[in-house]
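Read through the structure below, which is laid out as structure tokens, and then see the notes.
The values are calculated or read from the model by the stated rules, or taken from the named source; none is laboratory data. Since the model is a prediction, treat every value here as computed from it, not as a measurement. Ideal geometry is used to build each Cβ from the backbone, glycine not excepted, and the neighbour counts take in all protein chains shown.
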Ligand SMILES: Cc1cc2nc3c(=O)[nH]c(=O)nc-3n(C[C@H](O)[C@H](O)[C@H](O)COP(=O)(O)OP(=O)(O)OC[C@H]3O[C@@H](n4cnc5c(N)ncnc54)[C@H](O)[C@@H]3O)c2cc1C
């Protein structure tokens, strides 16, 4: 049974909807938080400026990769644990909804061109034996001389071999968010409000004001609005607005190709080639801090597609099914941003996942919800905490 303080100041006093937990933003972060809160028995209101799952989480890639196995620390362990538990969490949701997330632990292949890359990779191979062995399992950062399958990728230029990371996985972002949305649309304790922009938060009144003037009262509010989280949180700062994060544009493409979906994703100098189920291969991503139009695609994406075609012969004539661009939320402290506001303990951040949100959102949601619901929860790395970003 949920243990949310229902006697909070302001609830319902000036009219408008009231809920235990208001979640702002229905991307991968807000969807996990909403579902987990509702499953724990809380009355949750989920508001999104647009349609659920159509922000940065509406991409193609879905790479789920750990940090390198060197210099192991709490942050790397947190992400590793999150990636490890994601598989089971998705299996449970797939059984519950009858839908698929497109998840597969298919691994990652990193081609190496220079001898010193191989030297470093051999060190990582040993470090993975130490750091990547949870509960009797052993995942590898294995150095090999040949790719797993001829032509994946074309061997030209990779004299120093390949790393095969057996821990990496992928999911289909749109399938995964659809799975979460289906589960929470079936939940009686979730109220969904799409097409509703939150324009400000009142910490004193514990309420959110929508662009149409309506108010939603909450006991706790989780700000999971992707890059839209930063202005909402900045406005709460007692010493005036300060930048808490920014948007980094990314472009990607989806190709139709008859490629074995079990092949590892290829990662080469920022280029991802990710085989998905159903004869689809995702290509990405650009990383742009300056741009005119956040949602248009351009020559930078065409360059990536050309590189992918040159790298993988099977993609040479593969038709492009879709080109897409979105804005990743990057927090000022670079790490994800989560947890209570230091001055306004009923307002919590759940954002800033930048390039790794899909692998950690479920665990971050546990960290944020645990104290709200009075439930055990994983420890949040210090540098992830909202107060660390504010500092
Ligand atoms: C090209 C590209 C490739 C990527 N590849 C990967 C990858 O391989 N693996 C990975 O893990 N991550 C990847 N990412 C990053 C990942 O997609 C993002 O980090 C993630 O989607 C962010 O999720 P979110 O829930 O924080 O934000 P979003 O998905 O953007 O959701 C935020 C929601 O909040 C709503 N909102 C915003 N402001 C308001 C407001 N004021 N009021 C109400 N609602 C509001 C929006 O409408 C939106 O639906 C990629 C991103 C891009 C762009």
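A few notes on this one:
- Single residue of 263, 271 found to be within 13 Å of the ligand (Cβ to nearest atom), farther than 19 Å from residue 56 by Cβ, surrounded by fewer than 23 Cβ atoms within 10 Å (Cβ to Cβ) and outside the structural domain of residue 200 (by TED's automatic domain parsing): 271
- Of the strands (runs of 3 or more DSSP E) entirely within segment 162-257, those holding at least 1 residues that are within 22 Å of the chain's Cα centre (by Cα) and either more than 10 Å from the ligand (Cβ to nearest atom) or under 22 Å from residue 43 (Cβ atoms) (or both) occupy 162-165, 190-194, 198-202, 215-223, 245-256.
- Some residue of segment 112-128 being surrounded by 15 or more Cβ atoms within 10 Å (Cβ to Cβ), in contact with a helix residue (DSSP H, G or I) (Cβ under 8 Å, 6 or more places away or on another chain) and in contact (Cβ under 8 Å) with a residue 60 or more places away in the chain: no
- When segment 83-105 is filtered for residues that are touching a helix residue (DSSP H, G or I) at 6+ places or on another chain (Cβ under 9 Å) and in a helix (DSSP H, G or I), the ones remaining, listed by number, are 83, 84, 85, 86, 89, 90, 93, 94, 96, 97.
- Of the residues examined, residue 320 is one that is under 22 Å from residue 280 (Cα atoms) and in contact (Cβ under 8 Å) with a residue 60 or more places away in the chain.
- Matching residues in segment 69-93 - criterion: being crowded, with 18+ Cβ neighbours inside 10 Å and touching a strand residue (DSSP E or B) at 6+ places or on another chain (Cβ under 8 Å): 69, 83, 86
- Being in contact (Cβ under 8 Å) with a residue 12 or more places away in the chain and on the phi > 0 side of the Ramachandran plot is true of residue 62.
- Of all residues making up segment 37-54, the number that are under 19 Å from the mean Cα position of the chain (by Cα) and closer than 19 Å to residue 367 by Cα: 2
- Evaluation of residue 61 against (1) closer than 15 Å to residue 22 by Cα; (2) within 7 Å of the ligand (Cβ to nearest atom); (3) in contact with a helix residue (DSSP H, G or I) (Cβ under 8 Å, 6 or more places away or on another chain) (one fails), failing number: (1)
- Strands (runs of 3 or more DSSP E) fully within segment 276-371 counting 2 or more residues that are modelled with pLDDT of 95 or more and over 21 Å from residue 104 (Cβ atoms): 320-331, 337-340, 347-351
- Failed condition for residue 155, given (1) in a strand (DSSP E or B); (2) within 17 Å of residue 273 (Cβ to Cβ): (1)
- Any hit, segment 42-52, residues being assigned to a helix (DSSP H, G or I) and within 14 Å of the ligand (Cβ to nearest atom): no
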